[in-house]
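Since the structure comes first, as structure tokens, the remarks are kept for the end.
Nothing in this text is a laboratory measurement; each read-out follows from the coordinates by a stated rule. This is a predicted model, so every value here is computed, not measured. All Cβ positions, even for glycine, are placed from backbone atoms using ideal geometry, and neighbour counts span all protein chains on display.
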Amino acid sequence: MSSPLRLGVAGLGTVGGALLKLLDRQAAALAARTGREIAVVAVSAQNRGKVRDLDPARFDWASDPVALAASPDIDVFVELIGGADGVARAAVETALQEGKSVVTANKALLAKHGLHLARLAEAKGVALGFEASVAGGIPIVKTLRDSLAGNRVSRVYGILNGTCNYILSRMEAEQLSFGQCLAEAQKLGYAEADPSFDIGGYDTAHKLAILTALAFGTEIAADAIAVEGIEHITLADISAAAELGYRIKLLGVAERTAAGIEQRVHPTMVPRSSAIAQVMGVTNAVTIDADAVQELTLVGPGAGGAATASAVVADIADVARGLKAPPFGLPLKSLAPLHRAPLQTHEGGYYIRLSVYDRSGAAAAIAARMAERAISLESIVQRRRPGELKGASAVPVVLITHATSEKLIGEALKAVLADGFIAEPPQVIRIERE
């Protein structure tokens, strides 16, 4: 058997702790599968005195993750610190520059600096593994990079944030407000004290940027993604979706179009009968449309210590076996630049909820603004809330459109706002047909 593969692990939070336990539990099996022992020799964390469900005294302690990354006593640096910059970036760069393979779960770091880090890894001939950066325990990175190498992918999309999926699921199942469900998610540890990164769609966007590069052979371009979160979704929207036969999900979508690769993150109404509509709670799901396999959907835990540690170990095992693929599937020189493609006509149409002042001619004026831009309306329905009296100053009106473009919808609603017939900003949600 070859000499042990020596790991330095930086970050002993939920994932780091779970990783050490998993490596202990599976030590014999991993050695048998990879042909060498995998041994953690040193660790680093922000607070050495923190009470943990493990004994860090078993390992050498490094107070500085960057020093650990440069240590001649390790072969692989495992970064579980988090954050796009700061010590996480410095430590990963140092490890790669020192010729050490790196395994990370840090999607923010990859979305912002992935090309730079891949360039360092390529120059030094080492591995940069990041299976754990997208969709937790779902093996989506290896699926796109390795298993589907013979396919031409046309679209990749899915539920990539467990916090948002949990909130939307609870809102529907228990008829709770967005605020109530967010507070519960924070209490359970699914959402951070500052949840804006999750609920604003930015966490999903970082993950989508990584998937886009893998699926389409392009450079990472997180700033080329149209992003909308779920913070404005109300029970009225949840109920309307149910009546129409849909569920609301926050989706990340990357799609090949004639104008280039379109990337978007937004709430979407999906048919209740679809596979992705059945994905509830903190679970993630990713669907790949490709020419050979047609449609492939992977569903599993999108977060959590054990699931994410499982993905980290998968990359460590590859390094132990001596496997080393280009981080994004192609050598850097072969990755195509990604230019932001305009949002194309959406065939499923749109759900639009307006709070309309109860004035004569308001509905006709709204319909006229839509018609001016050739937006065809499938239906227009006034939806009074339970117990609401006729004559209320503003009433909810729901429009369902046929296929049209984001641009035309935006122009029409800007005109409607200028007319002074609506009391608050419109709610717009894309509809996906079966």
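For a straight C-alpha distance cut-off of 29 angstrom, the lysines reachable from LYS414 (same-chain residues fewer than eight places away being disregarded) are LYS249, LYS390. Each residue of segment 103-114 was assigned a 3J(HN,Hα) from its phi angle through the Karplus expression (A = 6.51, B = -1.76, C = 1.60, θ = phi - 60°), giving 10, 9, 10, 8, 5, 5, 4, 5, 5, 8, 10, x Hz with x at Gly and Pro.
Exposure proxy for VAL313, VAL299: other Cβ atoms within 10 Å of each Cβ, ordered fewest to most, give VAL299, VAL313.
Computed over neighbours whose Cβ is under 13 Å from that of THR212, the net charge equals +3, Lys and Arg +1, Asp and Glu -1. Taking every Cα-Cα distance in segment 85-190 and sorting them into 10 Å bins starting at zero, the pair-distance distribution P(r) comes out as 13, 31, 28, 20, 8, 1 percent.
Amide H to amide H distances under 5 Å link VAL227 with VAL265, where only residues 5 or more positions off or on other chains count and H is placed in the peptide plane.
Considering only ALA90, ALA121, ALA240, the mean-square fluctuation computed in a Gaussian network model of the chain, springs between alpha carbons under 10 angstrom, is largest for ALA90.
How much length, in nm to one decimal, is gained on full extension between SER177 and ALA367, taken as 0.36 nm per residue of separation minus their Cα-Cα distance? Each step should come with its number before you reach the end.
Numbers: separation 190, 0.36 × 190 = 68.40 nm, distance 3.03 nm.
The span from SER177 to ALA367 would gain 65.4 nm if fully extended.
Here is how the number arises for the chain: DSSP H runs of 4 or more residues each give -39500 (n - 2.57), the sum is divided by the residue count, and the result at 222 nm is -10500 deg cm²/dmol. Averaging the Cα positions of each part gives two centres, and for segment 1-62 and segment 289-340 these lie 22 Å apart.
What is the sum of charges around MET280, taking Lys and Arg as +1, Asp and Glu as -1, for the other residues whose C-beta is under 14 Å from the C-beta of MET280?
Values: positive: ARG170, ARG247, LYS249, ARG272; negative: GLU172, GLU174.
Counting the neighbours of MET280, the net charge comes to +2.
To the nearest ten degrees, helix 406-419 and the longest principal axis of the Cα atoms of the chain are 50 degrees apart. Sequence-ordered 3J(HN,Hα) estimates for segment 320-327 from the Karplus curve with 6.51, -1.76 and 1.60 and θ = phi - 60° stand at 4, 7, x, 7, 8, 9, x, x Hz, glycine and proline given as x.
How much FRET efficiency would the formula 1/(1 + (r/R0)^6) give for LEU417 and ALA242, where r is the Cβ-Cβ distance and R0 is 41 Å, rounded to 0.05? Walk me through the intermediate numbers first.
On the way: r = 28 Å, r/R0 = 0.68.
Calculated value: 0.90.
Along its first, second and third principal axes, ordered by size, the chain spans 81, 47, 35 Å in Cα coordinates. Across segment 40-47, rounded Karplus estimates of 3J(HN,Hα) from the backbone phi angles (6.51 cos²θ - 1.76 cosθ + 1.60, θ = phi - 60°) give 7, 10, 8, 9, 8, 8, 5, 10 Hz, Gly and Pro being marked x.
List the residues, sorted by chain then number, that are 5 or more residues from SER154 or on another chain and whose placed amide H is less than 5 Å from its amide H. Correct list: ASP289, ALA290, ASP291. To the nearest 10 degrees, how steeply does helix 202-216 sit against the main Cα axis of the chain, on a 0 to 90 scale? For 202-216 against the chain, the angle is about 70 degrees.
What's the extension gain from SER405 to ARG48 if we count 0.36 nm per residue and subtract their Cα-Cα distance? Before the final figure, lay out each step's value.
Values: separation 357, 0.36 × 357 = 128.52 nm, distance 5.40 nm.
In short, 123.1 nm is gained.
Shape class for segment 251-344: oblate, because the ratio a/c of the largest to smallest gyration tensor axis (alpha-carbon atoms, square roots of eigenvalues) is 1.5 or more and b/c is at least a/b.
Quick one: angle between helix 235-244 and the longest Cα principal axis of the chain, in degrees between 0 and 90, rounded to 10, please. Approximately 80 degrees, to the nearest ten. The mean sequence distance of close C-alpha pairs (under 8 Å, at least 6 residues apart), as a share of the length of the chain, puts its relative contact order at 16 percent.
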